[in-house]
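Inspection log for the structure reproduced underneath, given as structure tokens.
The values are calculated or read from the model by the stated rules, or taken from the named source; none is laboratory data. Source: prediction; values computed, not measured. Virtual Cβ from ideal backbone geometry, glycine too; neighbours counted across all protein chains shown. Just so you know, the surface numbers come from the protein's heavy atoms only, side chains and all, with ligands and any DNA or RNA stripped out. Shrake-Rupley method; radii C 1.70, N 1.55, O 1.52, S 1.80 Å.
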Amino acid sequence: MAKPVGYFSLSHDNTLIKDMCETWGEDLSQMSETDIFWLIGRICHDLWLTTDANDPPSDEVEEVVNRLHELKRWERIALIKALMQEA
């Protein structure tokens, strides 16, 4: 079951969060899968570009990217969830 945005310490005090909840529901469950993945990608790209670290991606992580085709769709989604624990 999807959790409401408040569970993740997001608040309607932020206008963007409030607008998103009005559009897609308090738990964002009305957002399409396409929109979810596109938004996740854009947020991650923005975070990567604005990080303070100037380190390029490691060779090991580049290899993972080159091998993502080895994972089933559900495994890629699970990997995103696992990686988010470390972010």
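Summing +1 for each Lys or Arg and -1 for each Asp or Glu among the other residues whose beta-carbon sits under 14 angstrom from that of Glu70 gives +2.
Here the chain is assigned +1 on the Cβ of each Lys and Arg and -1 on the Cβ of each Asp and Glu. Its dipole about the Cα centre then comes out at about 360 debye. If you count only protein heavy atoms with a 1.4 Å probe, what accessible area per residue comes out for segment 4-87, rounded to a whole Å²? About 87 Å² of surface per residue is accessible.
Loop-only trypsin sites (Lys or Arg not before Pro) in segment 28-76, please: DSSP not H, G, I, E or B, and at most 14 other Cβ atoms within 10 Å. Passing sites in segment 28-76 are Arg67, Lys72. Straight-line cross-link partners of Lys18 among the aspartates and glutamates, defined as a Cα under 13 Å from its Cα and at least 8 positions apart when in the same chain: Glu26, Asp27. 3J(HN,Hα) along segment 20-36: 4, 5, 5, 7, 10, x, 4, 10, 6, 5, 8, 7, 5, 4, 4, 5, 4 Hz, from the Karplus curve 6.51 cos²θ - 1.76 cosθ + 1.60 with θ = phi - 60°, whole Hz, x for Gly and Pro.
Computed over protein heavy atoms with a 1.4 Å probe, the carbon and sulfur contribution to the accessible area of segment 43-87 reaches 58%. Between the labelled values (1) 13, 39, 32, 16, 0; (2) 16, 32, 21, 15, 9, 5, 2, 0; (3) 11, 18, 16, 10, 9, 9, 8, 10, 8, 0, the entry that holds P(r) over Cα pairs in 10 Å bins from 0, in percent as derived from this structure is (1).
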